[in-house]
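Remarks on the structure that follows.
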Amino acid sequence: MKKKSIVFAAVLVAFCAAGCVTTMDKPKTKVNKQQVVEANVKLGMAYLERDNREGAIRAFGKALEADHRSAEANQGMALVYQLNGEYERAEHSFQKALKSRSDFSKSSIYFSYGRFLFEREDYTKAFKYFEMSGDDIQYIRRSEALFYLGLTSLELNNKVRAVGAFERALGLNRRYGDPALELAVLSFEERDYSQAKKYLDRFAKNSRHTPRSLWLGIRIERIFGNKDKEASYALALKNLHPYSQEYLDYKTYIENQKK
């Protein structure tokens, strides 16, 4: 998140002594309040990364005591409530964050709220907020917002829009594995096996294999007749994820092939 540039008004030089003291005190108070909010929001986010929710609540609470309209502090409280499964409180805090003043781009709030809505399976509303954060060219997590825009599009049965979002996410960050895997799956479903392999190889280059990617790899390599690669994927799926649904699907697939 980048701070908006702060434009200072010109200051008159000639003041009486009392007027100068009063004029100098107000900006100092504002600066101190902003510093308190910013420091506690950063502290709260650090607590959240360590899953110290009580510490996060204390930090965000102090930030809100200094400025109850801080968008970032309200967002932080919403994230804590979301983690705790207190969805009504989370919704309330997100709404306050969306309506509050922000010293930063609100795209972070749009993205966080979009993920909250996605978790709640409110895909139509989530799409709107992922789209807004994904369109912000200055948002540092823009590629991630576009990835979620793609996932939401799939939930809304719009594969064309999903492909576009995943491709944009991959264009912004060529090392981002998640959209590459989604594109591999979609290409496989469309029977574009060469493209599916291309995207899966791209995923494997930048990410650890998952049960889903290994199972996809097995099917792709079988189509191309690459038995060694297929066996390598199958062995990894069996050894690393023996209790996954994908391994069960693989075993069923093999049994059906023998019939």
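Quick one: would you say Ala180 is assigned to a helix (DSSP H, G or I) and more than 23 Å from Glu91 (Cβ to Cβ)? Even if it seems obvious, please write down each step before you answer.
Numbers: assigned to a helix (DSSP H, G or I): yes; more than 23 Å from Glu91 (Cβ to Cβ): yes.
Yes: the conditions hold for Ala180.
Does Glu190 satisfy being acidic (Asp, Glu) and crowded, with 21+ Cβ neighbours inside 10 Å?
Taking the combined requirement at face value, the residue does not satisfy it.
Could you check Asp136 against (1) surrounded by fewer than 22 Cβ atoms within 10 Å (Cβ to Cβ); (2) within 21 Å of Glu246 (Cβ to Cβ); (3) of a type in the set (D, E, K, R) and say which number it fails?
Only one criterion is unmet by Asp136, namely (2).
Mind listing just one residue for me: the one in region 112-126 that is buried (at least 22 other Cβ atoms within 10 Å of the Cβ) and touching a Ser or Thr at 6+ places or on another chain (Cβ under 7 Å) and, of those, nearest to Leu98 (Cα to Cα)?
Applying the filter and picking the extreme gives Gly114.
Only one of Ala73, Ala66, Ala90 is modelled with pLDDT of 95 or more and of a type outside the set (Phe, Trp, Tyr). Can you tell me which?
Residue meeting the stated conditions: Ala90.
Could we say that Glu121 is assigned to a loop (DSSP other than H, G, I, E, B) and modelled with pLDDT of 95 or more here?
Working: assigned to a loop (DSSP other than H, G, I, E, B): yes; modelled with pLDDT of 95 or more: yes.
Criteria met by Glu121.
Tell me yes or no: at least one residue of region 146-169 is part of a helix (DSSP H, G or I), surrounded by fewer than 23 Cβ atoms within 10 Å (Cβ to Cβ) and within 14 Å of the chain's Cα centre (by Cα).
There is at least one residue in region 146-169 that is part of a helix (DSSP H, G or I), surrounded by fewer than 23 Cβ atoms within 10 Å (Cβ to Cβ) and within 14 Å of the chain's Cα centre (by Cα).
Restricting the search to region 65-89, which residues are touching a Leu at 6+ places or on another chain (Cβ under 8 Å) and either of a type in the set (A, V, I, L, M, F, W, C) or over 12 Å from Gln34 (Cα atoms) (or both)?
Ala71, Ala73, Asn74, Gly76, Met77, Leu79, Val80, Leu83
Could you say whether any residue in region 210-224 is basic (Lys, Arg) and surrounded by fewer than 15 Cβ atoms within 10 Å (Cβ to Cβ)?
Applying the first criterion (basic (Lys, Arg)) to region 210-224 yields 212, 219, 222.
Cutting the leftovers down to surrounded by fewer than 15 Cβ atoms within 10 Å (Cβ to Cβ) gives us none.
No, because not a single residue in region 210-224 is basic (Lys, Arg) and surrounded by fewer than 15 Cβ atoms within 10 Å (Cβ to Cβ).
Only one of (1) surrounded by fewer than 19 Cβ atoms within 10 Å (Cβ to Cβ); (2) among the charged types (D, E, K, R); (3) at negative phi is not met by Asp178, so which one is it?
Here Asp178 clears every test but (1).
The values are calculated or read from the model by the stated rules, or taken from the named source; none is laboratory data. What you are looking at is a predicted structure, and each value in this text was computed from that prediction instead of being measured. Please note: Cβ atoms are built from the backbone with ideal geometry, for glycine as well, and neighbour counts cover all protein chains shown.
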